[in-house]
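Down below is the structure, laid out as structure tokens.
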Amino acid sequence: MAKNQISPSKKGTTLEILQYLFIAVVLMYFGRSLFIPLSFALLISLILYPVCKWMERKGINFNLAIGISLIAVTFLLASLFFLLFSQILEFSNEWQSLETKLEETLNQLSIFLTDQFGINEEKQLSYIKNTINNSGSQIFSLLKDTLYSLSESLFYLLIVPVFSALILFNRQLLVEALYHLFPLDKTEMIHEIIVETIHEYYKFIKGMLVVYVIVGILNSIGLAIIGVPYPFLFGFTASILTFIPYVGIMVSSLLPITVAWITFNSIWYPLGVIAVFTLVQVLEAYIIFPYAVGSRLKINTLAVLIMIIAGGILWGAAGMILFIPFISIVKLIADRTEGLKSLSLLLSDGKQFQ
């Protein structure tokens, strides 16, 4: 057989893998309402498992250990939502001053347009009316998407702890069922993968903490350069609230934008705040997150970036977070499977070749 020819067995294996991949992608896309909270629950369960085991070794009851761990996680998530709504309340307290400032700005803009371009007030009002009419459907769509994201986040806040409790409570049953899916000679390999998966998820969380700290520092430096009051407060609040998809970053940016506008009496400062947050978000999504998380999971930045984009396409912002630990599990399996060595090398950070 010629060297450049592919054997029928390899062709069959490749086709089979592509078929399974296609089925998995279809299931993940159409079943995302179930798989997203279930994946978050699995992530939390793997993180809390060592904590539960530690409490059990200290003599704490099995069920009580699970309850204490989940109460701590629920309190953390509830604190994030409390921070979110406190930002909304703070913004509402500044609304009267903001409304006055908005009217002044519109009046100044109207005078400028009249003086410089000869556009009288009647034409301006007609243009504004037409713009509002044309953009009404877009505003409605934006509000609908925002409300959907908020309701989705609240649903996850309620259902994820329930899933996590059930996974932790039935962990022995789930592991035994997993063992029975594979031949007996693979049991040790499956056990190693489970143990290392717990360690990988722990590294993932450490990487996420590094990301939030870096993003908070960059936000704060950017706001300080502009001159916005309380830059570290606003910068780290925005960093923490990015954990809540879509809604978090929008709400966390409203207050510094409002404060900048009221404080400096210029539209350029609020635009500067928007520019800072936008730039940091881009850096976080495409540079900081892949590098900080990927390096801890020993996965190359290119693979992490591809998974972030694929996760965003399939599951939105949640997928951008969840697909990284998914790919780490795939790499663990590939490392121990002879037929997947090429995939293992493709995902590796390449340090073994340096």
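Numbers for the structure displayed
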item: Criterion (under 27 Å from I240 (Cβ atoms), at pLDDT 85 or above and not aromatic (F, W, Y)) met by exactly one of I60, I88, I68; result: I68
item: Conditions (1) modelled with pLDDT under 80; (2) crowded, with 19+ Cβ neighbours inside 10 Å; (3) small (G, A, S); number of the one not met by G350; result: (2)
item: Those residues of the stretch 271-295 which are crowded, with 21+ Cβ neighbours inside 10 Å and without any contact (Cβ under 8 Å) to a residue 24 or more places away in the chain, in sequence order; result: P290
item: Unique match (being surrounded by 20 or more Cβ atoms within 10 Å (Cβ to Cβ) and over 30 Å from K186 (Cα atoms)) among W268, W261; result: W261
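The values are calculated or read from the model by the stated rules, or taken from the named source; none is laboratory data. What you are looking at is a predicted structure, and each value in this text was computed from that prediction instead of being measured. Glycine gets a Cβ as well: all are built from the backbone with ideal geometry, and neighbour counts include every protein chain shown.
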